[in-house]
Amino acid sequence: MSENLKIVCDNCKQKPAEVFYSQIAEGKLLKVNLCKECSKEKGVEDPTGFALAELLQGMGENVEVSPVTGAGKAAGVGGGSSGGGEREETTSLKCPVCGFAQSDFKKTGRLGCSECYTTFAENLAPLLKQMHKGTSHSGKVPARQRRQQEMTGRMNLLRQDLVKAVRAENYEDAASLRDQIRLLEGQFDN
Amino acid sequence: MKFSGIINGGASGWSQNDGPQHDIVISSRVRLARNIQKFPFPGWAKKADRVATLEKTKPAVEALPEMDDAFSENLQDLNVLEKQVLVERHLISREHAAKGVGSAVVMNRQQTLSIMLNEEDHLRMQAIRSGFRLRDAFALLDKADSALEKALDFAYDPRLGYLTACPTNVGTGMRASAMLHLPALVLKEEINKVIQAVNKIGLAVRGLYGEGTEAMGNLFQISNQTTLGQKEEDIIGNLSKVVEKIISHERNAREVLLEQKPATLFDQIGRAYGILTNAHSMTGKEALNLLSLIRLGVDLGFFPTECLQAVDELCTEVQQAHLQKAGAQKLGAEERDLLRADVVREKLKRCPSPDLAKVKARRAANENGSGESAADDAGK
């Protein structure tokens, strides 16, 4: 079929490229064209999808906040962990809910549970920024969360009104507002 | 519903060639990734955890109105061949087919909604429709998702959206894709330009079975790469716009080929027909590549339109597991190639030899009639 693949692999610079990857990161376009062998070797086919960032700018160093400097270079599956004595990983974070450690993420490219997003928030932020078009969700909100967000919004308004009412020494309104806030707090607990 | 219902049901719901622009857009798919709060993701969970998650998710999924009389199985209860059939129909992923205890699949009768349990995420829900119907597929999926969130506590963060095992899916957890048949762009050697342009705007182009697979049969999957920062509707809207552009490029390329290189085109399609109707041994790749040319031939008027269905059915039937099923016994690669050729020859009996005169007549009629508007379209 398409025999005129004139693009040459960016890695080995010899074989024709067959895998074309591109990604927008921080407003810049990252592109890499690889031949089959190199794409396998580089793990571009790996569904983690951010192998590109790793490939082009050494994601290991970018993300790794812990002091394991040498390990950043040994990206790739099963790399790193020379095993010599006490590894500094022990000082690295562990998810209190599922026991997942930062080093596990390096191995698999997956997280352990939903709480990991909180545990590793700091380390994930730059990675997410690289991978996605935006940094915050603007799509669907589950109904339960939407109700909660609405209640939070209403609560904030009521509290502002209460402060105003107290300032204005309008105690009748303030009492009514206080009652409404208590009522809402009760709903929150449910 | 039993497995036999799926395999023997003839053309599966989504593959009936009735969708809009089906001559170019084979199928439209949307998937959503969802997880249960605080339960370890399947890849990190111990077997007991996975089973525990499944006990929550499976009943909830089976209770969906859409899943009335659904096909619902634990992965360990399906044999290798059955799993492979589901992969070939794009109803489960290759990764999911490798799973056993603690994973399951639930799909509706029409095979338009398929939910993988404990794949990479606790739920991977997919809607698939024939033709160019991304919005329909999303609507079906969104409805199922809204029903499920009443029963299941989905992991969601106000800032990051839906939380997924892989950070590349966080946010909407959505991947929308269209499977495109682009033989003319391949023949005209313009496909790489198109792929590069698509990549440039942040969309991914993949082969028949998704990530890391080869483009066979001139089939290409186009999908969004990123999931955070855009609304679902916008992701689908952007993808649709790109797909529309590619469709018009492909149509244009078909016209140009017919105009500039009719002899080459007649030759290629005629040869494909000759081999398919006379060969006695054929690999899956060869079959798909040649069937692609017949499909193009149908669109250009070489074959009657009824042939399209035969070709589309064959595209599924010539695949390994479907052949094995039809053969009812385990076959070696050589035996499969023989059987495949038999199946193809038999089915293409419905499809007469390519008719050049008809194509020429149709083109002559077109030139007298709407020649100018076609030129306008091309100029856009």
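With a/c under 1.5 counting as rounded, go ahead and sort chain B into rounded, prolate or oblate using the C-alpha gyration tensor (a ≥ b ≥ c being the square roots of the eigenvalues; past the cut-off, prolate if a/b is larger than b/c, else oblate).
oblate
Per atom type, chain B shows carbon and sulfur on 50% of its accessible surface, probed at 1.4 Å. Selection among B:Ala137, B:Thr168, B:Ala52 by position relative to the dipole of region B:6-256 gives B:Thr168 as farthest towards the positive end (Cβ unit charges, Cα centre).
Modelled this way, with points 7 Å down the Cα-to-C-beta line, the labels at A:Arg146 and B:Glu259 are 4.9 nm from one another.
Pair-distance distribution P(r) for region B:261-362, from all Cα-Cα distances in 10 Å bins starting at 0: 16, 49, 25, 8, 1 percent.
By the Cβ rule of 4.7 Å, chain B holds the following cysteines without a possible disulfide partner: B:Cys166, B:Cys315. Label separation (B:Lys38 vs A:Ala125): 2.6 nm, computed from points 7 Å beyond Cα along the C-beta direction. Placing a label point 7 Å from the Cα of B:Glu55 along the Cα-to-Cβ direction, none of the residues of region B:111-154 has a backbone N under 16 Å of that point.
In the context of the full set of protein chains, region B:261-362 has a per residue accessible area of 47 Å² (1.4 Å probe).
Across all Cα pairs in region B:35-98, the calculated P(r) in 5 Å bins from zero up to the longest distance comes to 3, 15, 20, 22, 24, 13, 2 percent per bin. Of all the Cα-Cα pairs you can form in region B:155-282, what percent are over 27 Å apart? Roughly 35 percent, rounded to a whole number.
Model label sites at B:Arg345 and B:Lys360, defined 7 Å from Cα along the beta-carbon direction, differ in position by 3.2 nm. For the peptides A:151-162, B:165-176, the ranking by mean Cβ contacts within 10 Å, running from highest to lowest, is B:165-176, A:151-162.
Helix B:191-200 axis versus longest C-alpha principal axis of chain B: approximately 30°, rounded to the nearest ten. Counting Cβ atoms of other protein chains within 10 Å of each Cβ in B:193-200 and taking the mean gives 3. Counting Cβ atoms of other protein chains within 10 Å of each Cβ in B:353-366 and taking the mean gives 0.
Students often get this wrong: which residues of region B:24-48 have the backbone nitrogen under 19 Å from the point 7 angstrom along Cα-to-C-beta of B:Arg135? Counting only backbone N, you get B:25-31. Put simply, chains B and A cover up around 4500 Å² of each other's accessible surface, both sides summed, when a 1.4 Å probe is used.
The values are calculated or read from the model by the stated rules, or taken from the named source; none is laboratory data. Quantities reported herein were computed from a predicted structural model and do not represent experimental measurements. A quick note on method: Cβ atoms are made from the backbone with ideal geometry, for glycine too, and the neighbour counts reach across all protein chains shown. SASA here: full protein model, heavy atoms, side chains in, ligands and nucleic acids out. Shrake-Rupley method; radii C 1.70, N 1.55, O 1.52, S 1.80 Å.
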